[in-house]
Amino acid sequence: MRVESGHRVSGRGQHLRMMDTLLEGGPASLKATGIVRRIDDLGRVVIPKEIRRSLRIREGDPLEIFVDQDGEVVLKKYSPMGELSDFAQEYADSLAETTGYLTLITDRDVVVAVAGGPRTEWLDRDVHAVVDKAMASRQIQVLTASDEDHEGMDDGWNFSAWVVAPIIAEGDPVGAVILGTREPGRSVGDLEEKLAETAAGFLAKQMEH
């Protein structure tokens, strides 16, 4: 059995990217962990904590099951936002054009849509701790560079001001909408907060349909 972390391209059944994986050197080379788990009488097997931590697999996360031609069973993290990647990009483009802010849309782990800024810098970037906090608390986060929670200024998330609105679908956090700026002295106001919140709610409804 192989455990991987990745995302699917909407509508094509292909994998968009591999984030972290147990593979080394390609699909034919596996990293041995020395861990063996037995399947119980209900067909369940426990994924060790160390592997779940390294691949950012959380309790309740959905996993897709694949079987390859060699008989390997592959578990891959499933991103509901991956099914809306094209739509999320269109929405991000609209938000960036309307607000003039960098617009990011994420799933639970990485940025999946970028507008108003360089895609090469942001696409697939791991989410910041502030984004994790917004999703875990299910509450909007509005921050400036001077706020105590604004940590990791050297990891690229060096906004002067930003708002993070969690996307909550069927009661579970599945991503976030972010509006941010690096312009000194520019702030995030009620309008930007409302737009981010509305976008998050709209994307959540699209996922639930």
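The values are calculated or read from the model by the stated rules, or taken from the named source; none is laboratory data. Values in this document were obtained by computation on a predicted structure and should not be read as measured data. Ideal geometry is used to build each Cβ from the backbone, glycine not excepted, and the neighbour counts take in all protein chains shown. Heavy atoms of the whole protein, side chains included, go into the accessibility calculation; ligands, DNA and RNA do not. Shrake-Rupley method; radii C 1.70, N 1.55, O 1.52, S 1.80 Å.
Does residue 113 count as closer than 28 Å to residue 59 by Cβ and modelled with pLDDT of 90 or more? Judged against the criteria, residue 113 is a match.
In the condition set (1) over 21 Å from residue 169 (Cβ atoms); (2) modelled with pLDDT under 50, residue 16 is compliant with all but (1). Residue 157 passes every criterion in (1) surrounded by fewer than 19 Cβ atoms within 10 Å (Cβ to Cβ); (2) touching a helix residue (DSSP H, G or I) at 6+ places or on another chain (Cβ under 8 Å); (3) modelled with pLDDT under 90 apart from (1). Pairing residues of the range 110-123 that are closer than 14 Å to residue 79 by Cβ and small (Gly, Ala, Ser) with residues that are in a strand (DSSP E or B) and open to solvent by less than 30 Å² (accessible area, probe 1.4 Å), at Cβ distances under 8 Å and at least 6 apart in sequence or on separate chains, gives 113/103; 113/104; 113/105. Does at least one position in the range 187-208 carry a residue that is farther than 19 Å from residue 134 by Cα, in a helix (DSSP H, G or I), polar (S, T, N, Q) and more than 16 Å from the chain's Cα centre (by Cα)? Within the range 187-208, one or more residues are farther than 19 Å from residue 134 by Cα, in a helix (DSSP H, G or I), polar (S, T, N, Q) and more than 16 Å from the chain's Cα centre (by Cα).
When the range 134-154 is filtered for residues that are at pLDDT below 80 and either surrounded by 12 or more Cβ atoms within 10 Å (Cβ to Cβ) or not in a helix (DSSP H, G or I) (or both), the ones remaining, listed by number, are 145, 146, 147, 148, 149, 150, 151, 152. Could you list, in sequence order, all residues of the range 155-171 that are in a strand (DSSP E or B) and farther than 19 Å from residue 87 by Cβ? Scanning the range 155-171 gives 161, 162, 163, 164. Do we have residue 94 as on the phi < 0 side of the Ramachandran plot and out of contact with any His (no Cβ under 9 Å at 6 or more places or on another chain) here? For residue 94, the condition - on the phi < 0 side of the Ramachandran plot and out of contact with any His (no Cβ under 9 Å at 6 or more places or on another chain) - is met. Applying the condition of being among the polar types (S, T, N, Q) and open to solvent by less than 30 Å² (accessible area, probe 1.4 Å) to the range 52-108 and asking which residue is farthest from residue 205 (Cα to Cα) yields 99.
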